[in-house]
């Protein structure tokens with residue numbers, strides 16, 4: 001049992017979180033919620049203005065966080081736009097890490113239709129990006145056939161190896177450990193060697209989820225959410241604000257007991273519930289929890 005406690009704390013160590021530019025406007029100062037140096041991903045939602053992403057990244061850096069901007073290939077209008085914004089982010093916020101995704105739009109708004117086209121520009125390396133996340137799909141992708149997902153993942157593995165870039169996989173949030181474990185083993189057998197940052201849901205109630213969607217812009221939010229209908233349905237059926245304790249304990253023990261486990265980090269999606277999600281995370285990291293047979297573990301303090 002004591003091993004389980006150590007496994008859980010180790011599993012959540014270096015956990016990253018995510019914020020939207022709209023959601024960030026409701027946070028007066030990130031230093032009141034997050035510890036110094038926390039890695040914070042900043043979204044670039046379909047139909048949004050990338051200038052808002054840039055402004056949020058600069059603010060996070062000024063407040064002592066480590067910002068990671070999203071780049072959505074199908075929402076980037078052209079090469080000049082991509083390069084200019086990379087130059088700004090590196091020059092003004094000293095960004096060294098980014099997340100590259102295809103992006104949740106059916107038709108590309110510009111010159112790029114997939115993330116490999118962005119990778120092959122080699123501009124990330126030119127502008128000081130030393131670490132790069134790419135998308136992973138434990139439950140499949142609504143936009144790409146399974147065989148194409150595999151092909152794309154292996155292409156990214158090959159690119160990372162050839163160019164010596166520190167690349168990892170980031171997934172959307174999930175609810176059960178077993179399908180993720182099966183997915184990890186399957187892509188490993190197919191040739192994946194990139195480490196996985198697994199997404200888990202934060203403590204969002206229905207009210208905070210609606211407010212989150214409104215802050216992001218209802219149109220862009222709905223396009224993103226409808227691409228993960230199953231996950232959103234599970235989130236709402238869980239009655240909101242449910243702690244992902246059993247999921248974390250199961251995955252932590254998988255990481256500790258399987259030397260081939262590809263999952264090495266957690267990415268937390270607050271979904272508008274940043275305050276409670278951050279309090280939950282730090283309560284666990286500080287050891288303020290006790291193990292439970294049914295639910296994985298239970299916090300020993302109020303949040």
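Values as computed for the structure displayed
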quantity: Any hit, the stretch 35-48, residues being part of a helix (DSSP H, G or I) and in contact with a helix residue (DSSP H, G or I) (Cβ under 8 Å, 6 or more places away or on another chain); calculated: no
quantity: Test result for residue 89, within 20 Å of the chain's Cα centre (by Cα), crowded, with 18+ Cβ neighbours inside 10 Å and at pLDDT below 95; calculated: no
quantity: Restricting the stretch 1-28 to residues that are in contact with a helix residue (DSSP H, G or I) (Cβ under 8 Å, 6 or more places away or on another chain) and assigned to a strand (DSSP E or B), the residue that is surrounded by the most Cβ atoms within 10 Å (Cβ to Cβ); calculated: 19
quantity: Sole residue being assigned to a loop (DSSP other than H, G, I, E, B), touching a residue at least 12 places away in the same chain (Cβ under 8 Å) and in contact with a helix residue (DSSP H, G or I) (Cβ under 8 Å, 6 or more places away or on another chain), chosen from 109, 180, 134; calculated: 109
quantity: Qualifying positions in the stretch 137-167 - surrounded by fewer than 20 Cβ atoms within 10 Å (Cβ to Cβ) and outside any helix (DSSP H, G or I); calculated: 137, 139, 140, 141, 142, 143, 144, 145, 164, 165, 166
quantity: Test: residue in the stretch 29-50 that is touching a strand residue (DSSP E or B) at 6+ places or on another chain (Cβ under 6 Å), buried (at least 20 other Cβ atoms within 10 Å of the Cβ), within 21 Å of residue 129 (Cα to Cα) and at pLDDT below 95; calculated: yes
quantity: Test result for residue 54, in contact (Cβ under 8 Å) with a residue 40 or more places away in the chain, under 27 Å from residue 119 (Cβ atoms) and in contact with a strand residue (DSSP E or B) (Cβ under 8 Å, 6 or more places away or on another chain); calculated: no
quantity: Conditions (1) in contact with a helix residue (DSSP H, G or I) (Cβ under 7 Å, 6 or more places away or on another chain); (2) closer than 21 Å to residue 195 by Cα; number of the one not met by residue 270; calculated: (2)
quantity: Positions within the stretch 57-84 being farther than 25 Å from residue 29 by Cβ, in a helix (DSSP H, G or I) and touching a residue at least 24 places away in the same chain (Cβ under 8 Å), in sequence order; calculated: 73, 74, 75, 79, 81, 82, 83
quantity: Near pairs, Cβ below 9 angstrom, 6+ apart or cross-chain, from the stretch 243-271 (at positive phi and touching a residue at least 24 places away in the same chain (Cβ under 8 Å)) to any residue that is outside any helix (DSSP H, G or I) and surrounded by 21 or more Cβ atoms within 10 Å (Cβ to Cβ); calculated: 271/18; 271/173; 271/201; 271/202; 271/203; 271/204
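The values are calculated or read from the model by the stated rules, or taken from the named source; none is laboratory data. Because the structure is predicted, anything quoted here is derived from the model rather than measured. Counting neighbours? That spans all protein chains shown, and the Cβs are built from the backbone with ideal geometry, glycine included.
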